[in-house]
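Notes follow once the structure below has been shown.
All of the numbers you see were taken from the coordinates with simple rules; none came from a lab. What you see is a predicted model; the values in this text were computed from it and never measured. Here the Cβ positions follow ideal geometry from the backbone for every residue, glycine too, while neighbour counts run over all protein chains shown.
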Amino acid sequence: METTEEFRLTYMQLQINAELIPKSILVGGKIHDYISCEYCQKRHCVYSNKVLNDEEEYNYQQALESYSYSCGVPIFPDDHYLKETVFIRIQINCDSLIEILYYSSRKSGNYPICYYCEEKEDLITPSQSLKERFKQIYPLCEVCYENKKDFHTKGEIKTSKHVSKKRKI
């Protein structure tokens, strides 16, 4: 007896782990706002594929005041009309690191926070050698550094160690 795709274990696992947010929205330019979890207080990105009109923005703000947000759940209940317009990543939980897209956002209200704990004070300045080795260095606070955390980096800068010699003609 053959199992259909919808009952394959790998397919079912993919469905469980799937984000409810369209992948095309997961870019820094689609960040509409930030929201904090009521339990861990971590800041998360709120995405929208379009600019909300005045009525939608008002209803969005009303919803934020009416509902409490916690990691791993959608912002709105299933019957709220904005649930198809405004999204949050539900695969993020209280133990997750800060979303990488947070750091690429130019949205007002965005400020440097520690990659591990979201501390905004006592951030360490990365060394010059680290700046020369990586394109992106995410903020690190003193407490995380003392707890043996390292700067999270991305995009190693490739340098040529071979010096080309001019050919004599």
By how many nm would the segment from residue 23 to residue 40 lengthen if fully extended, with 0.36 nm per residue of separation less the alpha-carbon distance? 3.6 nm
Fewest first, what order do 106, 89 take by the number of other Cβ atoms within 10 Å? 106, 89
Filter on 50/83; 23/154; 30/50; 107/158; 23/120 - keep pairs with C-alpha separation over 19 Å: 23/154; 107/158; 23/120
Assuming a ≥ b ≥ c are the square roots of the Cα gyration tensor eigenvalues, decide whether region 19-110 counts as rounded (a/c under 1.5), prolate (otherwise, with a/b larger than b/c) or oblate. rounded
So which GluC sites (Glu not before Pro) in region 87-149 are both in a DSSP loop and have at most 14 other Cβ atoms within 10 Å of their Cβ? 121
1/(1 + (r/R0)^6) with r = Cβ-Cβ of residue 101 and residue 146, R0 = 30 Å, i.e. FRET efficiency to nearest 0.05, evaluates to 0.65
Plugging the Cβ-Cβ distance of residue 66 and residue 93 into 1/(1 + (r/R0)^6) at R0 = 22 Å yields, to the nearest 0.05, a FRET efficiency of 0.45
Counting only DSSP loop positions in region 32-66, the GluC sites (Glu not before Pro) whose Cβ has at most 11 other Cβ atoms within 10 Å are 38
Can you give me the relative contact order of region 19-110 as a percent, contacts being Cα pairs under 8 Å and 6 or more apart? 36
